[in-house]
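The numbers here are math on the coordinates, done by the rules we state, and not lab data. Small disclaimer: the values here were computed from a predicted structure and weren't measured. Every residue, glycine among them, receives a Cβ derived from its backbone with ideal geometry; neighbour counts consider all protein chains shown.
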Amino acid sequence: MLYTNPEYRIMGDRALLVELGDHIGMDLHRKVSALFLALNDAPLEGVVEIIPAYGSLLIIFDPLRTRPSLVQEQVRAILKTLDPSRIPEARTLEIPVVYGGEYGPDLDWVAGYHGITPEEVVRLHTSVVYHVYMIGFMPGFPYMGELPKALVTPRKETPRTAVPQGSVALAQAQTGIYPSRSPGGWQIIGRTPRRLFDASRWPPALLQMGDQVRFIAVTEEEMEGWEE
């Protein structure tokens, strides 16, 4: 079954970008997921890594073993037989969060921006199950959506130079978790004690593309019981 007419873009001398769409949504995500699984099940000669995103896949290859036109031809053939029923059932994980205070320095700002109370921000943020669309920006960083419309929030005008590990944040219609200390421009509303990335375990990232996430509000005293 041919899902779509993708666009193919050569990225330098060792990568091909396959664009299946230009929006964020579950329909497009299923196409990306199905193609990602199919490409991994039938490894292409010379391909060394496949990186999925919201609506595209970046296929990195060894230019001494293959060429972009051959990779594109193989992708076209796989797309014709793509089977969405092979996408595995999603895992659901609970992520505890201490909201506000030193852990969520932007919670009050987000509440003021939307004209609601901080408690309502927390209620809204914990009211839905989020889908992990992709992992990117840094190892283990999950891009999740979509936020309730009442919480769609712009990024900070001036990014922070250092965001603490475990910070739970908002940007536009997305929510995410910083797996390690880094610069960042998302609005921080809380922090989780769960370790999002650990190079000593397998897989090193706690969350994977396709997972479902539910946030749970906890107190500072309850954080210790969730540490991993």
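Counting Cα-Cα pairs of segment 99-162 in 5 Å increments starting at 0 gives whole-percent bin shares of 3, 15, 20, 25, 24, 11, 2.
Taking label points 7 Å from Cα along the Cα-to-Cβ direction, GLN212 and SER69 give a separation of 4.6 nm. Multiplying the residue separation of GLU220 and GLN165 by 0.36 nm and subtracting their alpha-carbon distance yields 18.2 nm.
Around the amide H of SER182, modelled in the peptide plane, lie the amide H atoms of VAL163, all under 5 Å away and 5 or more residues distant in sequence or on another chain. Over the chain, Cα pairs under 8 Å with separation of 6+ residues give a relative contact order of 20 percent.
Starting from the amide H of ALA15, placed 1.01 Å from N in the peptide plane, find each other amide H under 5 Å away whose residue is 5 or more places distant or on another chain. Under 5 Å from the amide H of ALA15 lie the amide H atoms of PHE61, each far enough along the sequence or on another chain.
In deg cm²/dmol and to the nearest 500, what is the mean residue ellipticity at 222 nm of the chain if only DSSP H runs of at least 4 residues count, each as -39500 (n - 2.57), divided by the residue total? Walk me through the intermediate numbers first.
Details: 4 runs with 44 residues, N = 228.
Mean residue ellipticity, 222 nm, calculated: -6000 deg cm²/dmol.
Can you give the charge dipole size of the chain about its Cα centre, rounded to the nearest 20 debye, using +1 on the beta carbon of Lys and Arg and -1 on the beta carbon of Asp and Glu?
620
Rg/Rh for the chain: what does it come to with C-alpha atoms and Rh from Kirkwood?
Details: Rg = 19.2 Å, Rh = 18.9 Å.
Computed over Cα atoms, the ratio is 1.02.
Counted by Cβ distance under 14 Å from ASP13, the other residues give a net charge of +3, where Lys and Arg count +1 and Asp and Glu count -1.
Within the listed set SER69, SER180, SER200, the Gaussian network model of the chain (springs between alpha-carbon atoms below 10 Å) gives the highest mean-square fluctuation for SER200.
Could you give the semi-axes, largest first, of the ellipsoid that matches segment 7-86, computed as the square roots of 5 times the alpha carbon gyration tensor eigenvalues and rounded to whole Å?
Numbers: eigenvalues 84, 39, 19 Å².
Equivalent ellipsoid of segment 7-86: 20, 14, 10 Å, largest first.
3J(HN,Hα) couplings calculated from phi for segment 179-196 with the Karplus curve 6.51 cos²θ - 1.76 cosθ + 1.60 (θ = phi - 60°) are, in sequence order, x, 8, 5, 6, x, x, x, 7, 7, 8, 10, x, 8, 10, x, 5, 8, 7 Hz; Gly and Pro show x.
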